[in-house]
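Novice: My questions all concern the structure below.
The values are calculated or read from the model by the stated rules, or taken from the named source; none is laboratory data. Please read these numbers as outputs of a predicted model, since none were measured by experiment. Neighbour counts are summed over all protein chains in view; Cβ atoms, including those assigned to glycine, are modelled from backbone coordinates with ideal geometry. Heads up: the accessible areas ignore ligands, DNA and RNA and are worked out on the full protein's heavy atoms, side chains in. Shrake-Rupley method; radii C 1.70, N 1.55, O 1.52, S 1.80 Å.
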Amino acid sequence: MGRIAHNEEHDKGHERLEHPPSEAQVDFGVMEVVKDGEFVDTHALLMSYPYSNAGFAIPLPSENQECFLEGLKLLFKQCGGVPRKIRIDNLTPAVKKVRSKTEEAQLTDAFIQFQNHYGFEVQVCNPRKGNEKGSVENKVGYIRYNFFTTSPVMNSYEDFTETLRVQLEKDRQRLHYEKEVLIEDLWNDEKNYLLELPEEDYPVFKEIEANVNKYNEAKLDNTLIHIPKASNYPFIYFVVSWDKYKAVSPDGEILYEDFRPYMNKKRAIPWLSIFKDWIRKPRAVPYSRYQKYLPGRINDYLMVEDLVVRKERLVEIVNLLVTHDIKRINEEFYDLISGNNENPFGLDWDEYDSLAPTGGEQP
């Protein structure tokens, strides 16, 4: 019979945790996407159910409280119910004071109200204990490296939400890594344990008081925003949701409304250096990771079989990129390119015209 030595070094191994059905883990993971020809960092809120290994994800522009709660609402709707228990890390939107050796973690008031509305329990992980929510942390990398070999194109948050939903639904048609049962079958069983969605939707918004300078500007998301007539008041309110804001006077008049500044936060793709590289290797253009991010007219213009012509066109675009961004070149394509080339796409217009309606038909 083995002995336990009292002087042995502390065991640093992790205990394997048991996960009952309807227990979920939630965390954010950053994903790079391309929107309108520029890089954008999206913050994917991921929900993983360790019992079945089913995963769900909602892309969001930030990790603030409004995005976090709105993301949870959308995740609940995708799941068709509410998990009985949610395990979270020390996420700032949910936790105002982390757990210590003597005290439990303290949740933010907004998160407690949200929790009470939906009826789930919350378990906050111990600091630096990644094994306590290993399922969701693994899911972040899994989505990145298995679904998207390059940065995916995002037309809108709504469209990309649907893309992720479809990918993760297809992913459930594989065996669970331990149970040797289809994840879909395990998930269909686990869904029966979810709490029902409440009949009334939970409104996610925040009201922020803001000072106004003499230029009619107030700060939101660390960005000065011009608000007409704002300096007529000693202060204004911003009523913010995850994606939009309303600027409201103290007496309730809506002065201005728009998308939140971070909705337009992008990083330019270095097109000038990419095109210069393509000039040296014009044959590589269709195989480049950046080719699918080209705006439509420019892409069609470059996809000619003749490599000499392709190289000439690459040089032409490079010359324009010195003074124009790629979005403007695409939008003003016929003025910028056609001025130097009567037939920029090399089309047989007689053949094209033969496809047009004839007689009294209207196009």
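Novice: Restricting to the range 146-170, name every residue that is touching a strand residue (DSSP E or B) at 6+ places or on another chain (Cβ under 7 Å) and not aromatic (Phe, Trp, Tyr).
Specialist: If the condition is that a residue be touching a strand residue (DSSP E or B) at 6+ places or on another chain (Cβ under 7 Å) and not aromatic (Phe, Trp, Tyr), then Ser151, Pro152, Val153, Met154, Thr161, Leu164, Leu168 are the ones that fit.
Novice: Another question, then. Tell me, which residue of the range 261-273 that is open to solvent by less than 90 Å² (accessible area, probe 1.4 Å), in contact (Cβ under 8 Å) with a residue 24 or more places away in the chain and assigned to a loop (DSSP other than H, G, I, E, B) is nearest to Ser156 (Cα to Cα)?
Specialist: Among them, the one singled out is Lys266.
Novice: With the requirement that a residue be more than 25 Å from the chain's Cα centre (by Cα), of a type in the set (D, E, K, R) and either more than 26 Å from Leu69 (Cα to Cα) or not in a strand (DSSP E or B) (or both), what does the range 201-219 give you?
Specialist: Listed by number, the residues that qualify are Lys214, Glu217.
Novice: Now for a different question. When the range 49-67 is examined, which residues are found to be polar (S, T, N, Q), open to solvent by 10 Å² or more (accessible area, probe 1.4 Å), part of a loop (DSSP other than H, G, I, E, B) and in contact with a helix residue (DSSP H, G or I) (Cβ under 7 Å, 6 or more places away or on another chain)?
Specialist: Within the range 49-67, Asn53, Ser62 meet the criteria.
Novice: Tally the residues that are surrounded by fewer than 16 Cβ atoms within 10 Å (Cβ to Cβ) and more than 11 Å from Leu255 (Cβ to Cβ), restricting the search to the range 211-238.
Specialist: Qualifying residue count, the range 211-238: 10.
Novice: Quick one: which residue in Lys281, Lys246, Lys266, Lys276 is within 14 Å of Ala210 (Cα to Cα) and basic (Lys, Arg)?
Specialist: Exactly one of Lys281, Lys246, Lys266, Lys276 is within 14 Å of Ala210 (Cα to Cα) and basic (Lys, Arg), namely Lys246.
Novice: For the range 141-168, enumerate the residues that are surrounded by fewer than 17 Cβ atoms within 10 Å (Cβ to Cβ), within 13 Å of Ile58 (Cα to Cα) and polar (S, T, N, Q).
Specialist: Within the range 141-168, Ser156, Gln167 qualify.
Novice: So if I check each of Asp251, Asp243, which one is under 27 Å from the mean Cα position of the chain (by Cα) and either touching a residue at least 24 places away in the same chain (Cβ under 8 Å) or surrounded by fewer than 16 Cβ atoms within 10 Å (Cβ to Cβ) (or both)?
Specialist: Asp243
Novice: In the range 174-205, which residue that is charged (D, E, K, R) and modelled with pLDDT of 95 or more is nearest to Glu257 (Cα to Cα)?
Specialist: Glu196
Novice: Considering only the range 142-171, how many residues are assigned to a loop (DSSP other than H, G, I, E, B) and either touching a Lys or Arg at 6+ places or on another chain (Cβ under 9 Å) or farther than 19 Å from Leu45 by Cβ (or both)?
Specialist: Number satisfying all stated conditions: 6.
Novice: For the range 68-83, enumerate the residues that are of a type outside the set (Gly, Ala, Ser), more than 17 Å from the chain's Cα centre (by Cα) and open to solvent by 10 Å² or more (accessible area, probe 1.4 Å).
Specialist: Lys77
Novice: Tell me whether the range 188-200 contains one or more residues that are among the hydrophobic types (A, V, I, L, M, F, W, C), open to solvent by less than 80 Å² (accessible area, probe 1.4 Å), within 27 Å of Tyr118 (Cα to Cα) and in a loop (DSSP other than H, G, I, E, B).
Specialist: Yes - at least one qualifying residue is present in the range 188-200.
Novice: Something else: Mind listing whichever residues of the range 172-187 are in a helix (DSSP H, G or I) and more than 19 Å from Arg84 (Cα to Cα)?
Specialist: Ile183, Glu184, Asp185
Novice: Residue pairs, Cβ under 9 Å, 6 or more apart or interchain, first in the range 139-158 and closer than 21 Å to His176 by Cβ, second of a type in the set (Val, Ile, Thr) and at pLDDT 80 or above. List them.
Specialist: Pairs that qualify, where the first residue is closer than 21 Å to His176 by Cβ and the partner is of a type in the set (Val, Ile, Thr) and at pLDDT 80 or above, are Val140/Val30; Phe147/Thr163.
Novice: Looking only at the range 295-325, filter to residues that are touching a residue at least 40 places away in the same chain (Cβ under 8 Å) and within 18 Å of Ala268 (Cβ to Cβ); which one of those is least open to solvent (accessible area, probe 1.4 Å)?
Specialist: Top of the filtered list is Ile317.
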